[in-house]
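J.: Here it is, the structure in full.
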Amino acid sequence: MADPSTSSTAALPRRHRRPTVRTLAAALLLCASGLAAAAETLALALDDLDRHGYASPRLAIERLQAVTDRPDVNAPVEQQLRYHATLAQLAVHGRHKAQLDTALAALQRLADGGRCAPCGPRLLAVRIAHADMHDQDELVKGLMDQLAALPPSSDLRFEAERLDMLSGARVRHEQYDAALSLGLRAVETAERAGLPALEARMLHALVRVHLPRGDLASALRVADECYALAERIGFRYAMAQARINQNYLYGTLEQEKKSHEALLDVLRITQGVPGTEDLQQLAQGNLSAYHIHRGEYPQAIAATQAAEQLARQTGDELGLAFAISNRGSALARSGRVDEGMALMRSAMTKAEQVGGRREVLDLLAEQVNVLEHAGRDREALAVLRRVVKLSGDITSAEREKAVLALQEQFSTERKTREIERLSLAHARAEAEQRQWIAVAVALLLSTALLVQWLRMTRRRNQALVVDNAALTSQSIHDPLTGAFNRRHFEQFMKRQDAGIGLVLLDIDHFKQINDTHGHLAGDEVLKAVAERLRGVVREQDAVVRWGGEEFVLALPGTSAEGLAVVAAKALSELGHAPVVCNGVAIPVRASAGAIAWPAWPAQDWAEALRVADALLYMSKTGGRNRATCCMGVRPGADVGRVNGDPASAAAAGDIELRVVSGPA
């Protein structure tokens with residue numbers, strides 16, 4: 001489940017935690033709806049769960065337990081497996097430990113019976129979730145290695161779930177490129193399986209991969225896609241989760257109005273739904289931070305009281321600590337400083353008992369902010385000393401953990417580059433420690449410097465979050481169309497092993513559009529083309545502005561047959577309606593060339609793109625508004641001729657071509 005926060009610096013939202021196996025094992029959930037239907041069979045319930053999702057994990061569990069043909073030990077093994085695996089996955093998502101224990105025992109019994117080959121992999125995934133729920137990190141690591149060693153499953157449902165769990169494990173180890181590749185494959189696999197609710201869950205998990213990579217633009221785009229899909233199929237729980245993610249992302253990008261609207265939508269979606277208390281609590285907590293940031297203290301206090309009640313109801317001690325601290329912050333900022341600080345200190349004590357050091361750091365930092373706001377600089381300095389010390393302790397612990405991990409990796413892989421990474425880790429850690437010492441010394445010089453540093457650091461941190469996100473986006477996107485640029489495409493292709501479809505498109509008569517309607521109209525056409533192409537491709541695909549009026553579609557895992565379908569859809573989407581600019585309707589058509597890379601062994605992707613360019617030229621000379629697609633290359637074909645003149649290669653039987661036409 002998502003655990004996003006808000007970007008408000010005035011209050012204490014929950015920290016945006018690093019994804020854990022717990023959150024990603026929840027992606028094993030088969031989607032279920034909220035309310036049980038009368039006299040419903042298991043098959044009907046499971047089918048509906050796959051198509052429409054659920055209102056909460058709790059209601060989904062109750063629905064399955066109420067089916068008329070609930071399987072017992074004498075039921076077919078396949079039926080027992082599906083039933084208990086689904087209950088186990090829902091129990092993980094809803095944090096129902098007793099239900100998970102029961103389901104795990106049932107799956108273990110099935111696996112021990114020796115009559116269920118799929119039971120072993122399913123049991124392994126559930127054991128990982130169970131170990132993680134009980135904080136057995138070493139056991140999780142060993143089991144996760146076993147999951148990674150499994151061959152791809154023909155059961156697309158399980159394969160999507162397996163890929164998603166492996167993606168989460170890569171995020172934990174900060175292997176973000178590998179995590180993204182696995183996450184995209186999980187989404188694609190769920191889509192191919194025809195399971196829309198599972199696809200929505202995979203999209204939700206994919207947001208959690210983009211965030212630590214610093215790609216907020218992609219994270220927001222995926223969150224939007226997740227919400228749109230969930231809304232279309234009626235998957236209310238995923239809708240609320242997507243809105244929580246959007247709240248965090250909008251807040252970080254300082255789009256306060258949209259951030260606030262997302263929170264209100266979470267409360268609307270979850271109102272009166274049992275089992276959604278965790279999402280309601282997050283929304284109320286972030287809502288209190290929003291109101292504190294705006295100086296709306298009565299509204300903030302009301303939201304914190306609601307968050308406190310929900311945290312007590314769910315037994316979330318850290319959530320309760322943050323809610324109490326936020327209430328204290330609102331009281332102190334409204335003038336009741338002593339009363340507010342007393343609440344904040346009690347929240348600190350509770351957080352320390354639970355043991356979340358980073359959460360404690362957040363609570364301390366907010367105490368500094370409140371004391372500074374109240375003009376109590378000496379007290380703020382005393383708390384800041386604790387912030388400096390705790391930050392140093394966390395940095396030191398993370399350094400030691402990283403060094404140990406690198407040493408272990410070096411001892412197993414024996415690669416020289418690991419020694420270099422280890423040295424860099426030491427150097428970074430020592431530099432960070434020197435920085436902390438320098439800051440601490442400077443802060444102790446005077447209270448005036450303390451206040452100055454606090455304000456400067458807070459402004460700088462706010463600016464860095466936004467600037468880093470903007471710079472990341474600018475470095476990989478074309479500024480006019482928002483499509484990816486060549487630089488990103490080249491990096492994208494370097495990460496591909498093989499099996500990627502390439503479509504090179506060129507807008508027909510684009511010079512005529514510029515000459516007739518002006519360059520501003522031409523720019524509007526380019527932007528519309530990029531937007532329409534984005535509507536054709538999947539999340540894991542890339543729309544690239546190649547130059548001028550040329551675009552490339554990069555489609556991982558797309559065969560030649562699939563490529564012809566995508567090319568036809570692209571031409572149809574581009575030409576189905578004119579682009580309207582200043583009241584003038586401008587028809588848009590395009591020509592394309594398409595090839596699945598590699599078309600022959602050892603073919604370079606740049607070579608494949610040159611063939612696509614030659615096929616594009618054939619489309620232009622053949623009448624435009626069409627795509628010429630390479631459907632295959634004969635073994636032993638003259639690849640030189642294919643590269644240089646696909647038309648003659650086709651005539652010689654070296655290459656099979658298919659032409660698809662755009663709209664009339």
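J.: Would you check if there is a residue in segment 342-350 being crowded, with 24+ Cβ neighbours inside 10 Å and more than 25 Å from Gln246 (Cα to Cα)?
T.: Within segment 342-350, the first condition is being crowded, with 24+ Cβ neighbours inside 10 Å, and the residues that meet it are 344, 347.
Among the residues that remain, those that are also more than 25 Å from Gln246 (Cα to Cα) are: 344, 347.
Yes: one or more hits.
J.: Could you check segment 153-170 and list, in sequence order, the residues that are out of contact with any Leu (no Cβ under 9 Å at 6 or more places or on another chain) and either modelled with pLDDT under 90 or among the hydroxyl-bearing types (Ser, Thr, Tyr) (or both)?
T.: The initial filter retains those residues of segment 153-170 that are out of contact with any Leu (no Cβ under 9 Å at 6 or more places or on another chain), namely 153-155, 159.
Those that are out of contact with any Leu (no Cβ under 9 Å at 6 or more places or on another chain) and either modelled with pLDDT under 90 or among the hydroxyl-bearing types (Ser, Thr, Tyr) (or both): Ser153, Ser154.
J.: Let me ask something else about it. Tell me yes or no: at least one residue of segment 350-358 is more than 30 Å from Leu59 (Cα to Cα), acidic (Asp, Glu) and within 27 Å of the chain's Cα centre (by Cα).
T.: Initial filter on segment 350-358 (more than 30 Å from Leu59 (Cα to Cα)): 350-353, 355-358.
If we keep only those that are acidic (Asp, Glu) as well, we get 352.
Then keep just the ones that are within 27 Å of the chain's Cα centre (by Cα); that gives none.
No; the residues of segment 350-358 include none that is more than 30 Å from Leu59 (Cα to Cα), acidic (Asp, Glu) and within 27 Å of the chain's Cα centre (by Cα).
J.: Same structure, new question: Evaluate the following for Glu191: is it surrounded by fewer than 24 Cβ atoms within 10 Å (Cβ to Cβ), touching a residue at least 12 places away in the same chain (Cβ under 8 Å), in a helix (DSSP H, G or I) and over 15 Å from the mean Cα position of the chain (by Cα)?
T.: Working: surrounded by fewer than 24 Cβ atoms within 10 Å (Cβ to Cβ): yes; touching a residue at least 12 places away in the same chain (Cβ under 8 Å): yes; in a helix (DSSP H, G or I): yes; over 15 Å from the mean Cα position of the chain (by Cα): yes.
Yes, satisfied.
J.: Something else: Without any contact (Cβ under 8 Å) to a residue 60 or more places away in the chain, touching a Phe, Trp or Tyr at 6+ places or on another chain (Cβ under 7 Å) and in a helix (DSSP H, G or I): is that true of Pro121 in this structure? Steps first, answer last, please.
T.: Values: without any contact (Cβ under 8 Å) to a residue 60 or more places away in the chain: yes; touching a Phe, Trp or Tyr at 6+ places or on another chain (Cβ under 7 Å): yes; in a helix (DSSP H, G or I): yes.
Taking the combined requirement at face value, the residue satisfies it.
J.: When the residues of segment 594-632 are narrowed to those that are buried (at least 16 other Cβ atoms within 10 Å of the Cβ) and of a type in the set (Val, Ile, Thr), which ends up nearest to Gly575 (Cα to Cα)?
T.: Applying the filter and picking the extreme gives Thr628.
J.: State whether the residues of segment 168-183 include one that is assigned to a loop (DSSP other than H, G, I, E, B), outside the structural domain of Asp541 (by TED's automatic domain parsing) and of a type in the set (S, T, N, Q). Spell out the reasoning first.
T.: Just the residues of segment 168-183 that are assigned to a loop (DSSP other than H, G, I, E, B), to begin with: 173-175.
From what's left, outside the structural domain of Asp541 (by TED's automatic domain parsing): 173-175.
Now drop any that are not of a type in the set (S, T, N, Q), which leaves 175.
The answer is yes; a qualifying residue exists.
J.: Next question, about the same structure. Looking at (1) surrounded by fewer than 23 Cβ atoms within 10 Å (Cβ to Cβ); (2) more than 31 Å from the chain's Cα centre (by Cα), can you tell me which one Ala330 breaks?
T.: (1)
J.: In addition: When you go through (1) touching a Ser or Thr at 6+ places or on another chain (Cβ under 8 Å); (2) surrounded by fewer than 21 Cβ atoms within 10 Å (Cβ to Cβ); (3) of a type outside the set (Lys, Arg) one by one for Asp155, which number turns out not to apply?
T.: Checking Asp155 against (1) touching a Ser or Thr at 6+ places or on another chain (Cβ under 8 Å); (2) surrounded by fewer than 21 Cβ atoms within 10 Å (Cβ to Cβ); (3) of a type outside the set (Lys, Arg), the one that fails is (1).
J.: Continuing with the same structure: Which condition does Arg534 not pass, out of (1) under 24 Å from Ser559 (Cβ atoms); (2) at pLDDT 90 or above; (3) touching a helix residue (DSSP H, G or I) at 6+ places or on another chain (Cβ under 6 Å); (4) not hydrophobic (A, V, I, L, M, F, W, C), if it passes all the others?
T.: The number of the failed condition is (3).
J.: Which of the residues spanning segment 629-664 are in contact with a strand residue (DSSP E or B) (Cβ under 9 Å, 6 or more places away or on another chain), touching a residue at least 24 places away in the same chain (Cβ under 8 Å) and part of a loop (DSSP other than H, G, I, E, B)? Steps first, answer last, please.
T.: Of the residues in segment 629-664, the ones in contact with a strand residue (DSSP E or B) (Cβ under 9 Å, 6 or more places away or on another chain) are 629-634, 637, 639, 641-642, 646-647, 649-650, 654-662.
Filter once more, so that each one left must be touching a residue at least 24 places away in the same chain (Cβ under 8 Å): 629-633, 637, 639, 642, 646-647, 655-662.
Passing the criteria: Ala637, Gly662.
The values are calculated or read from the model by the stated rules, or taken from the named source; none is laboratory data. Everything numeric in this text was worked out from a predicted model, so none of it was measured. Quick reminder, even Gly has a Cβ in these numbers, built from the backbone with ideal geometry, and neighbours come from all protein chains shown.
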